[in-house]
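These notes concern the structure reproduced below.
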C-alpha cells in the first residue's frame, strides 16, 4: 500500500472514531464532546509519532535526499533521537 493511501486510511479511521464516539456517547454535550475529540486526536497523533513515523525515518533514501534530510532535521528531533 502506498504512503498516500495509508495516510488517507489513517485519517478516515480518525474521523470514523470521532464521529462514532460523538454520536454514541456525547450527542447533546458540547464541551464534553470537544474535550473527548481533542483527546482522540492526541491519541492518534501519539500513535502515529510512536509507531508509524519510523517508516519514514528508516526508509531507504538516495544520496541527494539523504543529505537534504540530514540538513533539514530539526534540533529537537536530534535531541529526542526521532
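The values are calculated or read from the model by the stated rules, or taken from the named source; none is laboratory data. Keep in mind it's a predicted model, so treat the numbers as computed, not measured. We place every Cβ from the backbone using ideal geometry, glycine too, and count neighbours over all the protein chains shown.
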Q. Which one of the conditions (1) assigned to a helix (DSSP H, G or I); (2) at pLDDT 90 or above; (3) exposed (fewer than 12 other Cβ atoms within 10 Å of the Cβ) does residue 14 fail to meet, given that it meets all the rest?
A. (3)
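Let's see how each residue does on (1) surrounded by 10 or more Cβ atoms within 10 Å (Cβ to Cβ); (2) part of a helix (DSSP H, G or I); (3) in contact with a helix residue (DSSP H, G or I) (Cβ under 7 Å, 6 or more places away or on another chain); (4) at pLDDT below 90:
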| residue | (1), (2), (3), (4) |
| --- | --- |
| 19 | yes, yes, no, no |
| 28 | no, no, no, no |
| 55 | yes, yes, no, yes |
| 65 | yes, yes, no, yes |
| 78 | yes, yes, no, yes |
